[in-house]
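A.B. asks: Please see the structure below; I have some questions.
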Amino acid sequence: MKTLIISDIHGNLEALQTVMKSAQGKGFDRTWCLGDIIGYGPNPNECVEAVREVAELVVPGNHDWAVLGKLDINNFNADAKTAILWTRGQLAPGNRVWLASLNVREVVGQFTLLHGSPRHEIWEYITDTSVAAKQWDYFETAMCLYGHTHVPALFTLREGKKHGNTFSFSFPWGKPFPLPKSRLLINPGSVGQPRDSDPRASYAIWDDEAGTWTFHRVKYPIEITQRKMRQAGLPIRLALRLSYGW
Ligand code: ZN
């Protein structure tokens, strides 16, 4: 079975639709979403509805929670806060209820799914190996899928190493590769607001029969999303950053 893994869509419908079309061309059987469906982008309802329809498992992110009023928005920067307040005014009641019903962690087979980190599902950013190294005791499955940083990444635990047992793993784009037989933390990157200096939408496909993982990037019509953001009165910096992938 092939699983499509998406994260951090952030109300960017053009990116989401492009990813779904690209993934359909490659073939997949089910979809998991690692949170932050909304916040920043101009199409929160459409993105929630598309994820509701397609995804078998979904966990919430910090922006989803902030829009719901489950997090203090003063912890967000000014642009993010403006977008959260705008999104609050847009979100349909049914979509709000559905987002509020999501569990912060899901376990399926050998995977744990969450947004931030195993230690703090909603808030902590796994930015480097030192943060990744602190996570292994906080989940029980072999692998954990997470999002939140908007940067595709793969960390592995090599047992028995005395000094520094956590390593980041470099990977090829668009090519299936066998996952190492060790515990792993994997981030598929962001659909709607990539931050690794590559503006293309990011997603991943896990093939459990072949035992392979593939990171994918796909171009989407960024200027359409940017135009909608300007029309909605969302902060200009949030629209501009999409062109640069930061
Ligand atoms: Zn996010």
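The values are calculated or read from the model by the stated rules, or taken from the named source; none is laboratory data. Worth saying up front: this structure is predicted, and the values here are computed from it rather than measured. Note that we place each Cβ from the backbone using ideal geometry, even for glycine, and neighbour counts take in every protein chain shown. With ligands, DNA and RNA removed, areas are computed over all heavy atoms of the protein, side chains included. Shrake-Rupley method; radii C 1.70, N 1.55, O 1.52, S 1.80 Å.
A.B. asks: For the chain, what does the relative contact order come out to in percent, with C-alpha contacts under 8 Å and a separation of six or more?
C.D. replies: The normalised contact order for the chain reaches 23 percent.
A.B. asks: I would also like to ask the following. Step by step: find N for the chain, compute 2.2 N^0.38 Å, then divide the Cα radius of gyration by it. What's the final number?
C.D. replies: Relative to the rule-of-thumb radius for its length, the chain sits at 0.96.
A.B. asks: With a 1.4 Å probe and every protein chain kept in, tell me what percent of the accessible surface of the chain is carbon plus sulfur.
C.D. replies: 50 percent
A.B. asks: In terms of modelled amide H atoms, which long-range or inter-chain residues lie less than 5 Å from the amide H of CYS144?
C.D. replies: THR112, LEU184, LEU185, ILE186
A.B. asks: Could you give the length gained on full extension between LYS26 and SER130, defined as 0.36 nm per residue of separation minus the Cα-Cα distance, in nm?
C.D. replies: The LYS26-SER130 span can extend by a further 34.0 nm.
A.B. asks: Using a simple charge model, +1 on the beta-carbon of Lys and Arg, -1 on the beta-carbon of Asp and Glu, nothing else, what dipole does the chain show about its Cα centre, in debye to the nearest 20?
C.D. replies: Value, rounded to 20: 520 debye.
A.B. asks: Which value in nm describes the separation of the simple spin-label points at ASP79 and LEU240, placed 7 Å from the Cα toward the beta carbon?
C.D. replies: 0.8 nm
A.B. asks: Taking amide H positions as placed in the peptide plane 1.01 Å from N, state which residues far from THR31 in sequence (5 or more) or on other chains have amide H under 5 Å from it.
C.D. replies: It is LEU4, GLU56, LEU57, by chain and number.
A.B. asks: Ignoring ligands, DNA and RNA, what accessible area per residue does the chain give at 1.4 Å, in Å²?
C.D. replies: Here the residues of the chain average 43 Å² of exposed surface.
A.B. asks: Taking 0.36 nm per intervening residue step and subtracting the Cα-Cα distance, what contour gain separates VAL104 from SER170 on full extension?
C.D. replies: Here the answer is 21.0 nm.
A.B. asks: A further question follows. Residue by residue, what Karplus-based ³J(HN,Hα) values in Hz, rounded to whole numbers, does the stretch 178-193 have, using 6.51, -1.76 and 1.60 with θ = phi - 60° and x for Gly and Pro?
C.D. replies: Once rounded to whole Hz, the list reads x, 6, x, 7, 9, 5, 9, 10, 10, 10, x, x, 9, 5, x, 7.
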